[in-house]
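Here is the structure we will look at, set down as structure tokens.
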């Protein structure tokens, strides 16, 4: 598949990027390492919280979103990384057995003033569960090469 | 150590929460799973990017921040999770061998109108490297129990 450059993202376009299943093992493994709160690490303890059971760390949900975006929406070969992103909303719990779908809507495409071979892509992401409920939203910013060049910066 | 409730976070207070070392193995392991862009997964390929070498996924930096916050600044036993957070800025690359320090500044403490036993803690976090440079900033929101109760919600 051809690499996707900034010019290949029409403003206003929406794409269903891909899906990822959520397992209890993954939830616990991520949380033990990075977010060891009981409702993320211990299915029994988690019952004592209002969520009523194990839920994924919001950072894990964000990381799962990123794993779907990379290569299905963003090409690592063309990406220059990200300067940050807009507010994140974790709207509903993510639970074992959920299947998350990532939806991306391009909201802005901006060419760099100083380096016209690149620019910034802004896209809003909804992460939905298998019921079609939005569990997370975030506005992503990505620095990216602008046009399909004769010689690509990362072709070596 | 006594658990820390919403009433135990004075607005305006700043704390140096703790530190975490960054290794190439961790950078690559996280990125292969969640953010497989070449400048996060492949030290040789990464040299072709403007960063000049392997750098951590911003999501990995955020997850490392969270691991320092949990238990050193947030008590999992008292936390009710997070509804989201403010914009993230990834200001400088995070590289193998860096040691990240997490600094938190309490900016707002708000009691829930409908459930006065809990509230929302807002705190701004700077993540600094060993040179004292800020590599990431984010405003965190945390739902949390408000006061040290006779019977704690999660005491069972």
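The numbers here are math on the coordinates, done by the rules we state, and not lab data. All values derive from a computational prediction rather than experimental measurement. When we count neighbours, we look across all protein chains shown, and the Cβ atoms used for this are built from the backbone with ideal geometry, even at glycine.
Quick notes on this structure:
- Shielding by partners - mean other protein chain Cβ count within 10 Å, residues of B:84-94: 5
- Fewest-first ranking of A:54, A:142, using other Cβ atoms within 10 Å as the exposure measure: A:142, A:54
- Relative contact order of chain A: 29 percent, from C-alpha pairs under 8 Å at least 6 residues apart in sequence.
- Length gained on full extension, residue A:20 to residue A:105, computed as 0.36 nm times the residue gap minus the Cα-Cα distance: 28.7 nm.
- Convex hull of alpha carbon positions in chain B: directionally averaged projected area 10.5 nm².
- The value of relative contact order for the range A:8-67, using C-alpha pairs under 8 Å at least six residues apart, is 25 percent.
- Rounded to whole Å, sorted largest first: equivalent-ellipsoid semi-axes of the protein assembly as shown, Cα gyration tensor: 34, 22, 18
- When the helices of chain B are scored as -39500 (n - 2.57) per DSSP H run of n ≥ 4 and the total is divided over every residue, the value at 222 nm lands at -6000 deg cm²/dmol.
- Structural descriptor for the range A:85-138: relative contact order 44 percent, calculated from alpha carbon pairs under 8 angstrom and at least 6 residues apart.
- Averaged over the residues of A:73-83, the number of partner chain Cβ atoms lying within 10 Å of the residue Cβ comes to 5.
- For A:64, A:145, order by how many other beta-carbon atoms lie within 10 Å, fewest first: A:145, A:64
- Between helix A:58-72 and chain A: long-axis angle, C-alpha atoms, 0 to 90°, nearest 10: 40
- Rounded to the nearest 10 degrees, the inclination of helix A:24-34 to the longest alpha-carbon principal axis of chain A is 70 degrees.
- Take each residue of peptide B:56-63, count the partner chain Cβ atoms within 10 Å of its Cβ, and average: the result is 5.
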